[in-house]
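Structure first, commentary second.
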Amino acid sequence: MRVAKITEEAPLIQTYRLEFVDKKEADEFSFKAGQFAEYGIFGEGECTFCIASAPTREGYIECTFRNTGRVTKALADCEENDIITLRGPFGNSFPIEQWYGKNVVFVTGGIALPPLRCVINTLLDQREKFGEISVYYGAKTVNDLTYKAELDDWANRGDMKLFITVDPGGETPEWKRYIGFVPTILEQNPPESDNAIAIIAGPPILIKLGMPILSKSGFPNNRIFTTLENRMKCGVGKCGHCMVGKTYVCKDGPVFTYEEILKMPVEY
Amino acid sequence: MEIKTINTTNISTFFNQLVQSGKIVIAPVLKKSGKIFFERVQSYNQIETDYIQTAFSAKSVVFPKVEELFSYSKTTDNFETKQSLSDIPETVVWGLRPCDSAAFNYMTRFFMDENPDIYFATRKERTTLIAISCAKSDEACFCTSVGLDPGKTKGSDIQLTLMGNEYYVEVITEKGLSAIKTSESLFTSSTEKSKEKYLAEPTTKFSIEEIKEKMQNAYDNVAWGQESMGCVGCGACAFACPTCTCFDIQDEGTGENGKRIRCWDACGFSQFTKHASGHNPKPNQTARRRQRLLHKFKYSVENIGMVSCVGCGRCIRICPAHLNIFENILNVTKA
């Protein structure tokens with residue numbers, strides 16, 4: 001894949017727009033919202049991120065990642081037009097067709113917005129098919145929020161409810177949105193659960209705290225979705241790294257309902 | 001299946017003919033350390049025949065410790081990759097125990113299930129397993145506790161059982177037939193005989209059906225802490241294990257050219273599940289030891305319908321902390 005465009009999102013966080021070098025591969029490639037891929041730099045290895053662009057926007061895919069380890073460091077060192085590798089798409093996806101006519105609530109934090117941004121934009125590209133769309137999103141500080149421009153675009157659309165928050169102490173003097181951890185903001189502004197779907201992604205702690213809050217707000221457990229992201233190597237259910245109990249996050253997930261999560265050990 | 005016999009003089013001729021056929025022959029060899037390892041050999045007189053179990057299993061024939069997946073090299077505007085599956089040689093594994101053959105059977109189910117693994121498939125296709133039933137066992141052996149026995153032929157292509165001064169030969173598969181083809185005159189046709197009195201009698205430690213049942217609720221048993229206390233996370237058990245299949249993927253080389261390899265990994269290693277953020281879903285040795293044992297006795301059963309332990313006892317013999325898998329299992333399934 002050719003790195004077509006690099007966007008600085010936040011400290012150490014970048015979005016890469018990737019285009020296929022080979023046209024035939026481009027034509028053969030398709031993915032569904034929620035699937036992930038293995039992005040690699042030869043000589044360094046591979047790392048796993050969900051595809052952050054929407055499948056409704058064709059011709060490229062995007063990934064957003066934090067420079068935090070050996071491979072992501074090598075990725076971060078890329079310049080536009082450099083070549084990186086992609087294996088995928090892997091895993092299951094969000095059953096978006098089953099959400100037509102429903103309200104959809106997104107809850108996420110930090111670098112976990114990218115996997116949901118794929119879903120959010122998929123919904124926005126067929127906006128008329130869904131009811132109210134709400135997004136609860138938080139980061140440590142104002143500067144750590146990803147997709148700052150897109151968050152403003154979403155706010156300006158007028159057809160979405162946004163609850164953007166930063167952790168206490170992470171606000172700037174100009175900050176006019178929420179201050180508080182995501183679970184707190186979610187509890188203080190509970191979403192309407194009637195005819196609604198909730199999707200939560202985040203650092204594991206947010207998933208662990210957020211799912212019960214959504215459940216308590218009246219969402220049935222099979223209408224609360226999450227996407228897990230354990231350490232992975234192969235992506236096809238063999239290497240054993242991502243196992244949560246008997247479940248391989250890579251091939252049985254990464255998308256699970258709260259109902260499924262409750263049957264699994266807390267190994268995520 | 002064809003039943004034959006071969007006398008102990010002819011067995012070495014048969015072995016040497018296998019070597020001469022051009023196949024790679026892997027057999028147990030006694031090393032200076034006093035331990036027995038599977039190694040490539042050229043002649044029957046190099047091999048060890050008096051042993052209970054090799055220190056490591058023969059799984060590396062189909063799942064090498066380090067295996068090249070492909071090589072890569074930079075071209076002007078892209079990369080080119082090359083697989084080298086065609087270089088994988090025809091191999092005969094001689095003298096593995098029935099538990100090890102059963103482990104190949106498990107690995108085949110695991111690797112070929114759902115997303116078939118082309119590397120494993122190719123190697124397995126080119127491997128013939130000639131097992132020798134166990135005449136002796138030790139206190140670490142527990143095959144009869146996991147549904148196997150010292151004469152079980154599951155997974156073997158040919159199985160030999162020493163009965164007095166001749167080997168009883170069960171030729172089980174097409175591959176087995178083709179392995180004896182050029183040596184046919186060395187064998188005598190025979191009728192089915194009972195091997196039982198020539199076989200070892202390892203102690204049965206538990207009923208596998210009962211353990212499978214009790215493992216359902218074992219996750220929260222407080223005994224895991226105690227049972228994993230000694231574990232130093234060295235991963236020796238997983239490397240010695242004939243059914244452990246976890247692996248890591250790494251690149252060897254530069255950004256210009258090199259190869260992508262996979263190598264054995266172990267769920268006992270502290271980094272195995274560690275996220276880039278530092279968060280670790282299996283944060284301590286207790287969680288990791290539990291994963292290992294539940295995988296073998298619960299998750300494998302749920303995922304592919306078989307226990308992924310063959311009772312070979314290698315993990316018990318090799319563990320520097322003297323952890324004992326069947327004792328662990330008995331203790332974490334107590335109410």
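Tabulated data
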| quantity | calculated |
| --- | --- |
| Estimated translational D of the range B:85-183 in µm²/s (Stokes, Kirkwood radius over Cα pairs; 10 °C; 1.306 mPa s) | 110 |
| Kirkwood hydrodynamic radius of chain A, Cα pairs, Å | 18.9 |
| Using a Förster distance of 35 Å, the FRET efficiency for A:Phe29-A:Asn143 (Cβ separation, nearest 0.05) | 0.55 |
| With 10 Å bins from 0: P(r) over the protein assembly as shown, alpha-carbon pairs, percent | 3, 15, 23, 21, 17, 11, 6, 3, 1, 0 |
| Computed P(r) (all Cα pairs; the range A:96-227; 5 Å bins; percent) | 2, 11, 23, 25, 21, 13, 4, 1, 0 |
| Antiparallel content of DSSP bridges confined to chain B, in %, to 5 | 75 |
| Ellipsoid equivalent to the range B:196-335 - semi-axes via the Cα gyration tensor, in Å | 29, 20, 14 |
| Helical mean residue ellipticity (222 nm; -39500 (n - 2.57) per DSSP H run of 4+; nearest 500) of the protein assembly as shown | -7000 deg cm²/dmol |
| Sorted peptide list for A:170-180, A:83-93, B:92-102, criterion being average Cβ within 10 angstrom, highest first | B:92-102, A:83-93, A:170-180 |
| Over 18 Å [Cα-Cα, the range B:1-150], rounded percent | 65 |
| Qualifying lysines (Cα of each under 28 Å from Cα of A:Lys129; at least 8 residues distant if same chain) | A:Lys32, A:Lys102, A:Lys148, A:Lys161, A:Lys216 |
| Percent of Cα-Cα distances greater than 30 Å, calculated over the range B:2-332 | 39 |
| Pairwise FRET efficiency - A:Asn92 versus A:Glu259, Cβ, R0 = 22 Å, nearest 0.05 | 0.90 |
| Cys residues of chain A counted as unpaired, since no other Cys beta-carbon is under 4.7 Å | A:Cys47, A:Cys50, A:Cys63, A:Cys78, A:Cys118, A:Cys242, A:Cys250 |
| Shielding of B:295-305 by partner chains, average beta-carbon count, 10 Å | 2 |
| Per-residue mean of C-beta atoms belonging to partner chains within 10 Å, peptide A:239-252 | 5 |
| Calculated FRET efficiency for the pair B:Thr49/A:Tyr60, C-beta based, R₀ 56 Å, to 0.05 | 0.30 |
| Centroid-to-centroid separation of the range B:137-197 and the range B:224-299 [C-alpha atoms, Å] | 34 |
| Cross-link pairs B:Lys32/B:Lys175; B:Lys59/B:Lys259; A:Lys238/B:Lys214 - those with Cα-Cα distance over 24 Å | B:Lys32/B:Lys175; A:Lys238/B:Lys214 |
| DSSP beta bridges in the range A:96-227 [antiparallel fraction, %, rounded to 5] | 0 |
| The protein assembly as shown - share of DSSP beta bridges that are antiparallel (%, nearest 5) | 65 |
| Shielding by partners, peptide A:21-33 (average Cβ within 10 angstrom, other chains) | 0 |
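FYI, it's all coordinate maths here, none of it is from the lab. Not measured: the values here are computed from a predicted model. Glycine gets a Cβ as well: all are built from the backbone with ideal geometry, and neighbour counts include every protein chain shown.
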